Amino acid sequence: MRTVNAYAAPSATEPLVPTTIERRDVGPHDVLIEIAYAGICHSDIHTVRGDWGDITYPQVVGHEIVGTVAEVGSEVTLHSVGDRVGVGCMVNSCRECVNCKAGMENYCLKGNIQTYNGIDRDGTVTQGGYSTHVVVVEDFVLRVPEAIPYETAAPLLCAGITTYSPLAHWNAGPGKKVAVVGLGGLGHLAVRIAAAMGAEVTVLSQSLKKQEDGLRLGASHYYATSDPATFDELANSFDLVINTVSAVLDLDAYLGLLALDGTMVNVGAPGEPLPLHVFTLFGNRRSFAGSGIGSIAETQEMLDFCAENGISAEVEVIAADQINEAYERVLASDVRYRFVIDTATLA
């Protein structure tokens, strides 16, 4: 075992604190990564505060991880010492179910093994990227292209793939009208990616305070959802609506924005149920869908797409001792657009 520095949540109600955790020895198929940066995702906050159910404390979160390969196991073939790599939301899966065999381990029927607060195949509780090192089986380690700066690459491992996957699956591209609900950590990447795919992008945000940013990021239009006229003006307009916010919305109002055979995809994950009247779906043969992260292959595809199109996250780099303050700012929507921890400050 290897002892490494980390920042952990001791309980659902206490601030995160510096600590040490144990990482397993590097096995034949494992990769040891010296972490350079770790993004702060809204999911991290939901998890440590118990919003999504019981967890094991102390808990180190963080599933937007980039760094350098420091050591490889004797049978590793996919990565070499010194490689730029990343780890996203999962670190393993059963490898045996029909979805895993189809290359969709993100939808493993036994549940993929999450980067934190999961039970790994050796029975240990997984601990995430707010740490200096992590050991991950080689098949779940991504290659980070040189064209993407490390600190701006980290959020792509969750926010990037979470938005890229539904945009790719529902064929965002030329001739398609895409609306992005929320211009936060996920939303700003959804705008950039959809625009790079060739879609006509509209941002739907509570107010117009981020309008300049939205248009700069690639949106053609920007509307305030606090204005009831928005929903009248845009009714029956969009082929695809990507909802990135982790809050309860009036789904019926947003579904009314869909054109014939349009789809609204939820990628934000509020802690409360979302009410929906099924009759709203009948009009225009609308669909309401959910989408999780992408597979490892799709995540690599996303990273390569972002490198080719000059896409990365807009970040605010912080030291580890600023994590608790960053959490409060995330909850207050006071970040443009992703906090990223410089893990060198953990040493």
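The values are calculated or read from the model by the stated rules, or taken from the named source; none is laboratory data. Please read these numbers as outputs of a predicted model, since none were measured by experiment. Virtual Cβ from ideal backbone geometry, glycine too; neighbours counted across all protein chains shown.
Return yes or no: is Val26 in a loop (DSSP other than H, G, I, E, B), closer than 30 Å to Ala147 by Cα, outside the structural domain of Gly184 (by TED's automatic domain parsing) and touching a Leu at 6+ places or on another chain (Cβ under 6 Å)? Answer is yes for this residue. Taken over the stretch 200-213, the criterion of being surrounded by fewer than 23 Cβ atoms within 10 Å (Cβ to Cβ) and of a type in the set (A, V, I, L, M, F, W, C) is satisfied by Leu208 alone. Of Val330, Val315, all but one fail to be within 15 Å of the chain's Cα centre (by Cα) and modelled with pLDDT of 95 or more; the exception is Val315.
When the strands (runs of 3 or more DSSP E) confined to the stretch 286-347 are screened for residues that are touching a Pro at 6+ places or on another chain (Cβ under 9 Å) and among the β-branched types (Val, Ile, Thr), those reaching at least 1 such residues are found at 315-318, 338-342. Can you give me the number of residues within the stretch 214-268 that are of a type in the set (A, V, I, L, M), surrounded by fewer than 21 Cβ atoms within 10 Å (Cβ to Cβ) and in a helix (DSSP H, G or I)? Qualifying residue count for the region: 4.
For the stretch 70-120, taking the residues that are surrounded by 16 or more Cβ atoms within 10 Å (Cβ to Cβ) and polar (S, T, N, Q), the one that is farthest from Asp139 (Cα to Cα) is identified as Asn117.
Of the numbered criteria (1) within 24 Å of Thr20 (Cβ to Cβ); (2) at pLDDT 95 or above; (3) among the acidic types (Asp, Glu), the one Asp122 fails is (2). Of all the numbered requirements in (1) closer than 17 Å to Gly27 by Cβ; (2) over 21 Å from the mean Cα position of the chain (by Cα), Asp83 misses one, and that requirement is (1).
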